[in-house]
Amino acid sequence: MRIQHPFARSLITVRTWPVVIDLGVGLCGLAIFFGIIQMAHYWMGAPVPVMPISHSLRALPLYSFYSIVRITLAYLLSLVFAICYGYFAAYHSRIEAWMIAVLDILQSIPVLSFLPPVVLAMVSLVPGHQLGIELGVILLIFTGQVWNLAFSFYSSLKSIPREMSEAARIYRYSAWQRFWQLEMPFATIGLVWNSIVSVAGGWFALMLCEMFTMGDRNFQLPGLGSYMQSAADSGDVRSLLLGIFTVILIVVATDQLVWRPLIAWSDKFKFEQVESADRVTSPILELLRRSPLLNSVPAKIWAKLEEPMNRRLARSRETTLAHPSDEHADRRKGLMGYWAFAAVVAIVACWAAIQAVFMLRSVTWADLRLRSKAPPPHSFASIRRC
Amino acid sequence: MPEAAVQNPVQPATGEAIIEAQKIEKYYAQPSQNRIQVIAPTDLKIVPGEILALLGPSGSGKSTMLRMLSGLSRPSAGQVFWHGKPISQADVNVSIVFQSFALFPWLTVIENVEAPLQARGVGPDERYERSLRMLDTVGLDGFQSAYPKELSGGMRQRVGFARALVVEPEVLFMDEPFSALDVLTAENLRSELLELWSKKTMPTKAVFLVTHNIEEAVLLADRIIVLGRNPGHIRTDFRVEIPQLRDRKAPAFTQLVDYIYKVLTQPDVPPAELPDQQAGRRVRDQRQMKYQMLPHARPGGIAGLLELLLDKGGRDDIYRLADDLAFDIDDLFPIVEAAQLLGFLKIEEGDAAITPAGAEYANSEILRQKELFREAAIENVLLLRQIRRALDTKSDHTVPEEFFLDMLDEQFSEQESLRQLETAINWGRYAEIFDFDASRRRFVLPEAEEEEAEAGSEEAE
């Protein structure tokens, strides 16, 4: 509740602040727009596998920008994938055990093992653009980020209190409404904390993936990882330190600008009976909360999207009938659907494998043994491989 | 299969059943051939215009029954019908009020109430208006933008009620809605619910209440079903004819509570005749109903319970006590009832509260305990008083067992008479009211007193 200020002067600040914040929000939006244009320009250009890396200080902001975009995209991709995977695993009891086992196997494979097939696949998928190589690298970072998120989301879904999911069922929530009002909020806190871990893992993968050698082909993308690796390779201690300093700066900024506001915001999803006394506070979040622009526009857009959806879903069969909670959707559909699904998966997998074999025919066994360009003993790559 | 005695058969009420269960049962298949039967095949009807309470010990499948009837859970066999249509194919309009409230903590009060309407495709303005009106009805005016964790338990359950009622359900299911609340709040909410119901403020046609609180059931329900267990089955199903608003202290009320206690505490005995519920008049007055039913509890158990209760500050919920002791509620009931009979504790709304006499008893050492028990027993238990008086009066101070068995037989079944006497002997021996010579099947005075009595009679001669 806002306290009424008795003095006119403070009233003016109260009134003018939101405008300033709105301006800030608007400028951020513009910056993002500019960033996208810049990125698109770079991505859509002709593929240049080996970009020369400049050691000058002036190159650092652009390199940081590229690296941050890669990490961000990889993170968003992992988030979407984790949610889909976790959701599917949690609600399909027939294949649940399999999906979790597969997840467990995948997460224990080191990032670099994915490198050759992923990069080859992506390069051939988007030929003629830098985007192909970039996507390969993003996917690699993704493999370093996704697994714990998927586990977190899955376990959150599994631990929703029984009475709450029964409430959702008896009030006939559609899957859509259940997702946004029950499952997602319940999983938010786990996802936020795991995101912090994931993005940290992303930095690690980034250092390895921006610059690598596959057989006789070199890949070198502009970014912080390449910058530091090439600085280390050429023994340029000053640039190396600058690079490390930049990474630290970005990590601290991410913490203050992204994670802390997110943690403070996710506090409302805490499943607790009484309000806890000590909470994480974030000045940034407080600022954002005062922005009228942010307070009204997204909610309005959301309502525009959601209302027709709700009305349509409310009429659908899914929600007009009561579904017993002790039987899963898959039981109703019976075995046929499952066999069909399994067959499709098997066919797709076979096709992909054959394609991969065709692609890899050109790559010799020696190529598959990944070597970074003769890394000196103190480089990140060698630490990772120890 | 135990009895399915229904003494006061429920007349098919006016109108058709809203929900009708035909031979529904629940079991869980085991890997081996046998299966775990949770609920035996059961027929049940929920008809318009009544509050139906489902009572039963833990493990009798009350909640499972609620979930099957509301369509949340599918019966293993049998069929539930909604207005004559199988429930899985019908457009069911029910709500549930949950024990844990089951509110979404990340939504404000009004968003919680709006959510079910949103699921039904009601537009934002109408949704908001209806929710606000419903919050007003349950007395939460002005709290719409609060989060549930900012509210007290009672207010949270009000939100639960508002959310349940906002969709105007035909049947309102309630799963122990008051048991997570403190006594006063629960009482308050109960009476408000009754008011909403009797004034027809809520459009609900029938209420189905699952509870373990006997008084709550008698206070609210028009019809009570008592479940037994192993597997869950209906033991009795009767109408409560006491007019609303019911007075907890009225004889008809307490008798009905006692009756249900007895049904619950004696799972092996077919439910007795239902007491007449015409207000003011007792079916059996003191002369007719000579002996109280002695609960089959040992004095040691009573002492143990009282000591535990004293430890807990003199008052605790009976079910919580049972949980703490890892006792089955059915094993605890006789002890509680015995202590109550002796005036050592009082039952108030499912809570056992120790009386001053009980506190003194629990605090005393063993000899004093016996003394206190004797006083309480002679004061309160007719059978013990009679035995003692007979022993005192007779010149040889012995009385055969059959004498009392004959008297008990008029009131109890043969088997129960034997058990009654067995308990009486147990208590009498402990309290040294009398002794029992098992070889001669005769009551005698305790040895010390016998000698005294001998001496006295000799002197008199």
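Taken together, the values in this text are just the output of simple stated rules run on the coordinates, not laboratory data. Computed from a predicted model, the values in this text were never measured in an experiment. Positions of Cβ are backbone-derived with ideal geometry, glycine not excepted, and every protein chain shown enters the neighbour counts.
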Here the convex hull volume per residue of the stretch A:183-222, taken over Cα atoms and given in Å³, is 90
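Cut-off is 10 Å between beta-carbons; in what order do A:LEU120, A:LEU294 appear when sorted fewest neighbours first? Intermediate results must be reported in sequence, preceding the final value.
On the way: A:LEU120 20, A:LEU294 16.
Final ranking by Cβ density, sparse to dense: A:LEU294, A:LEU120.
May I ask what percent, to the nearest 5, of DSSP beta bridges between residues of chain B are antiparallel?
Percent antiparallel among DSSP bridges in chain B is about 65.
Just the number, please: percent antiparallel of the DSSP beta bridges in the stretch B:19-265, rounded to the nearest 5.
Values: 21 of 40 bridges.
The antiparallel fraction comes to roughly 50 percent.
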Convert each backbone phi in the stretch A:23-37 into a coupling constant with the Karplus relation 6.51 cos²θ - 1.76 cosθ + 1.60 (shift: θ = phi - 60°), then list the ³J(HN,Hα) values in order as whole Hz, x for Gly and Pro.
4, x, 4, x, 4, 4, x, 4, 4, 4, 4, 4, x, 5, 4
Selection from B:LEU107, B:PRO75, B:ALA186 lying farthest towards where the dipole of the stretch B:19-265 points positive, charges on Cβ
B:PRO75
What the 20 Å binned alpha carbon P(r) of chain B shows, as percent of pairs per bin from 0, is 21, 48, 24, 6, 1
Pairwise FRET efficiency - B:ASP258 versus A:CYS84, Cβ, R0 = 41 Å, nearest 0.05
0.10
Return a whole-number percent for the relative contact order of the stretch A:94-140, with Cα pairs under 8 Å and 6 or more residues apart as the contact set.
34
Give me a single rounded figure for B:63-74: the average over its residues of other chain Cβ atoms within 10 Å of their Cβ.
3
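Of all DSSP beta bridges in the protein assembly as shown, what percent run antiparallel (nearest 5)?
Here the share of antiparallel DSSP bridges comes out near 65 percent.
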Within chain B, helix-based [θ] at 222 nm, where runs of 4 or more DSSP H residues each add -39,500 (n - 2.57), nearest 500:
-13000 deg cm²/dmol
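Need one number for the stretch B:19-265: average projected area of the convex hull over its C-alpha atoms, nm².
Working: hull surface 57.8 nm².
Dividing the Cα hull surface by four gives the mean projection, 14.5 nm².
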With r as the distance between the Cβ atoms of A:VAL251 and A:ARG315 and R0 = 56 Å, compute the FRET efficiency 1/(1 + (r/R0)^6) and round to 0.05.
0.70
Per-residue HN-Hα couplings for the stretch B:47-62 [Karplus 6.51, -1.76, 1.60; θ = phi - 60°; Hz; x = Gly/Pro]:
10, x, x, 9, 9, 10, 9, 10, 10, x, x, 4, x, 8, x, 4
Out of A:ALA175, A:ALA342, B:ALA29, whose Cα points farthest toward the positive end of the dipole of the protein assembly as shown (charges: +1 Lys, Arg; -1 Asp, Glu; placed on Cβ)?
A:ALA342
What are the ³J(HN,Hα) values, in whole Hz, obtained from phi via the Karplus relation 6.51 cos²θ - 1.76 cosθ + 1.60 with θ = phi - 60°, for each residue of the stretch A:178-189 in sequence order, with x given for Gly and Pro?
4, 4, 7, 9, 10, 6, 5, x, 5, 8, 4, 4
Just how far, in whole angstrom, is the stretch A:194-250 from the stretch A:94-111 if you go by their alpha carbon centroids?
29
Full extension between B:ASP406 and B:LYS249 adds, at 0.36 nm per residue less the Cα distance, a length in nm of 53.1 nm
If you put +1 on each Lys and Arg Cβ and -1 on each Asp and Glu Cβ, how big is the dipole of the protein assembly as shown around its Cα centre, in Debye rounded to 20?
6140
Restricting the stretch A:163-259 to trypsin sites (Lys or Arg not before Pro) in coil, as DSSP defines it, with at most 15 other Cβ within 10 Å
none
Please sort by residue number the trypsin sites (Lys or Arg not before Pro) in the stretch B:19-112 whose DSSP state is loop and whose Cβ has at most 13 other Cβ atoms within 10 Å.
none
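Take the alpha-carbon positions of the stretch B:299-363, form their convex hull, and give its projected area averaged over all directions (one quarter of the hull surface) in nm². Display every interim value, and only then the final one.
Values: hull surface 14.6 nm².
It is 3.7 nm².
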Given backbone amide H placed at 1.01 Å from N, residues whose amide H is under 5 Å from that of B:ARG235, ignoring those fewer than 5 places away on the same chain, are B:VAL226, B:LEU227, B:GLY228
Enter the per residue convex hull volume of the protein assembly as shown, computed from alpha-carbon coordinates, in Å³ rounded to the nearest integer.
257
Among B:SER88, B:ALA322, B:LEU274, flag the residue with its Cα farthest along the positive direction of the charge dipole of chain B, charges on Cβ as +1 for Lys/Arg and -1 for Asp/Glu.
B:SER88
